[in-house]
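Input: a single structure, listed below in structure tokens.
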Amino acid sequence: MSRTPTLTAEARARLEALGAPAVDGPKPGWCTLTGGSYTTSSTASSGNSKGDKPVTVPSYIESLETLEYFGFEESTANRIWDRYIKYHDETLEFMDFVTGHLQGCQDAIAKDDDWNKAMEEMGIGKRLREAILDPDFDEIRLTGSARTWVLDTIQNSRSYLKMMSPCITGRVDVDTRYWPRPDLHP
């Protein structure tokens, strides 16, 4: 099975040249980027800015660690990853297993539905559940379902991971105002 690294060799070399190399994360399967090194190449060249915090990301986009990064509890991430390892092929991709898992779970739609319970049954961790259930955003939250918001968050997190290397190497021009803050990932 071939997996896509979150940081390409070119992106790692660019970070090294900027004096902000990616380092091994707190446990295997993760890497940590310091300061502004995880933003676009133009902002990365300025080095560590005040307020920039290190961000830890999965080493590979298709990985058990990515499932945890998406906000799944460890046991749920393991179940999804095990299914992916066992059944993936040319027609079934990594995200198919994520969406398949979510589609097989109870959803919450109405204000009176138990959204927290629905997301617990999806295997979503407390941090992401609390973010989705923030009462300040009830009006927005109720425009979709629990599954909709979980999947939207997962897709945004995946897009962030996939754009890291191109942005670090300067291969894309991205307005980072529309990126999720890395310290707010699930």
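Structure notes:
- Given (1) under 30 Å from T34 (Cβ atoms); (2) basic (K, R); (3) in contact (Cβ under 8 Å) with a residue 12 or more places away in the chain, index of the condition R147 fails: (1)
- A118 farther than 30 Å from R3 by Cα and part of a loop (DSSP other than H, G, I, E, B): no
- The residues of segment 156-172 that are without any contact (Cβ under 8 Å) to a residue 12 or more places away in the chain and closer than 15 Å to M95 by Cα amount to a single one, S159.
- Here A108 clears all of (1) exposed (fewer than 12 other Cβ atoms within 10 Å of the Cβ); (2) part of a loop (DSSP other than H, G, I, E, B) except the condition numbered (1).
- Residue selected from segment 130-186 under the condition among the acidic types (D, E) and part of a loop (DSSP other than H, G, I, E, B), by the criterion modelled with the highest pLDDT: D134
- Residue among L64, L102, L142 that is of a type outside the set (G, A, S) and over 29 Å from G29 (Cα atoms): L142
- Answer residue from segment 114-140, given it is touching a residue at least 12 places away in the same chain (Cβ under 8 Å) and more than 19 Å from the chain's Cα centre (by Cα) and is farthest from N78 (Cα to Cα) among those: D138
- In segment 6-33, the residues that are surrounded by 18 or more Cβ atoms within 10 Å (Cβ to Cβ) reach residues that are among the basic types (K, R) with C-beta atoms within less than 7 angstrom, at least six apart or across chains, in these pairs: A22/R12.
- Residue within segment 150-166 that is loosely packed, with under 13 Cβ neighbours inside 10 Å and either over 23 Å from S63 (Cβ atoms) or of a type in the set (F, W, Y) (or both) present: no
- Selection from segment 23-54 of residues that are in contact with a Ser or Thr (Cβ under 7 Å, 6 or more places away or on another chain) and at pLDDT 90 or above: V23, G25, P26, G29, W30, C31, T32
- Filter result (surrounded by 13 or more Cβ atoms within 10 Å (Cβ to Cβ) and more than 24 Å from R83 (Cβ to Cβ)) within segment 115-131: W115, N116, A131
- For segment 57-94, a residue qualifies if it is among the aliphatic types (A, V, I, L, M), surrounded by 15 or more Cβ atoms within 10 Å (Cβ to Cβ) and either part of a helix (DSSP H, G or I) or at pLDDT below 95 (or both), and the qualifying residues are L64, L67, A77, I80.
- Checking D138, D134 one by one, the residue that is out of contact with any helix residue (DSSP H, G or I) (no Cβ under 9 Å at 6 or more places or on another chain) and either under 21 Å from I61 (Cα atoms) or surrounded by fewer than 18 Cβ atoms within 10 Å (Cβ to Cβ) (or both) is D138 and no other.
The values are calculated or read from the model by the stated rules, or taken from the named source; none is laboratory data. Owing to the predicted nature of the structure, the values given are computational and were not obtained by experimental measurement. For neighbour counting, all protein chains shown are included, and Cβ atoms are generated from backbone atoms with ideal geometry for every residue, glycine included.
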